[in-house]
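Trainee: Following this message is one structure expressed as structure tokens.
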Amino acid sequence: MRWPELLVVYALIGVVVTVAAWRLGRPGAWLGIALWPLVLPGLLSRPVAGPPSVSPDARIHRAVQGLREALDGWEEVPEGLPSLSDIEVHLARLAQRVGRIAAALASVDATAQEPVSEAVRPLVQARLSHVARLRELQIQGRSDLEHALAALAEIAARVQLSRWTGDETGSVARDLVRLARMVDAATER
């Protein structure tokens, strides 16, 4: 085989690899024409699955259960502790709220990119401002949920530490009451 024939075969294989990469939505698919020996192995391999996602309900249950276990082994449980079951219910409501906002965003976002005439432009702008507000609510809800879960884990660790060091335990009840109020307020927004 001579050089011109070899270059034609190389280019044909490159075009096939480029079309396959483009159809799979791979970035830089056009590189397949010249660099197909480097692109082809990536196309033939299976995508690596990320870590399995854990549902918010499972994360909530795990965080509350961790605190419950820490408190069970505590000799001096302070007075005024809020019900962990109530906190778990409120956290689940907050997670459901965030999920409903995400579903609402998905349904509204699906129509947000339609081309519009000048006559309806103010309505589209109003809709886009509503979508932006929904996104803000979703971000705030996620942030509140993450903060509450991190606070539960921190309190559980503090309880475990105080079991071994004999440190003051009064702040745990105060922090749990503050956390319960914060979660309550977040579900009411």
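Just so it is clear, none of the values below were taken in a lab; they were calculated from the coordinates. Nothing here was measured: the structure is a model prediction, and the numbers come from that model. Heads up, the Cβs are rebuilt from the backbone with ideal geometry, glycines too, and the neighbour counts pull from every protein chain shown.
Trainee: GNM on the chain, C-alpha springs below 10 Å: top fluctuator among LEU35, LEU123, LEU91?
Mentor: Of LEU35, LEU123, LEU91, the Gaussian network model singles out LEU35 as fluctuating most.
Trainee: How far apart, in nm, are two points set 7 Å out from the Cα along the Cα-to-Cβ line at ARG174 and at SER83?
Mentor: So the two model labels end up 2.6 nm from each other.
Trainee: Right, another one. What are the ³J(HN,Hα) couplings of the range 11-27, residue after residue, when phi is run through the Karplus curve with 6.51, -1.76, 1.60 and θ = phi - 60°? Round to Hz, x for glycine and proline.
Mentor: 5, 5, 4, x, 5, 4, 5, 5, 5, 5, 5, 5, 5, 7, x, 6, x
Trainee: Apply the Karplus parameterisation 6.51 cos²θ - 1.76 cosθ + 1.60, with θ equal to phi minus 60°, to every residue of the range 97-106 and state each ³J(HN,Hα) to the nearest whole Hz, in sequence, with x for glycine and proline.
Mentor: With coefficients 6.51, -1.76 and 1.60, one gets 4, 4, x, 5, 5, 4, 5, 5, 4, 4 Hz.
Trainee: I would also like to ask the following. Enumerate the calculated ³J(HN,Hα) couplings along the range 124-137 in order (Karplus 6.51 cos²θ - 1.76 cosθ + 1.60, θ = phi - 60°), each rounded to whole Hz, writing x wherever the residue is Gly or Pro.
Mentor: 5, 5, 5, 4, 5, 5, 5, 5, 4, 5, 4, 4, 4, 5
Trainee: Hey, quick one: spin label on TRP74, modelled 7 Å out along Cα-Cβ, who in the range 142-185 has an amide N within reach, i.e. under 11 Å?
Mentor: 155-163, 168-177
Trainee: Among 144-153, 15-24, how do they line up from the highest to the lowest mean number of other beta-carbon atoms within 10 Å?
Mentor: Listed from highest to lowest mean packing, they are 144-153, 15-24.
Trainee: For ARG26, ARG97, what ranking results if the residue with the fewest other Cβ atoms within 10 Å of its Cβ goes first?
Mentor: Exposure proxy ranking, most exposed first: ARG26, ARG97.
Trainee: For a quick check, take a GNM of the chain with Cα springs below 10 Å and name the residue from GLY66, GLY14, GLY80 with the largest mean-square fluctuation.
Mentor: GLY14
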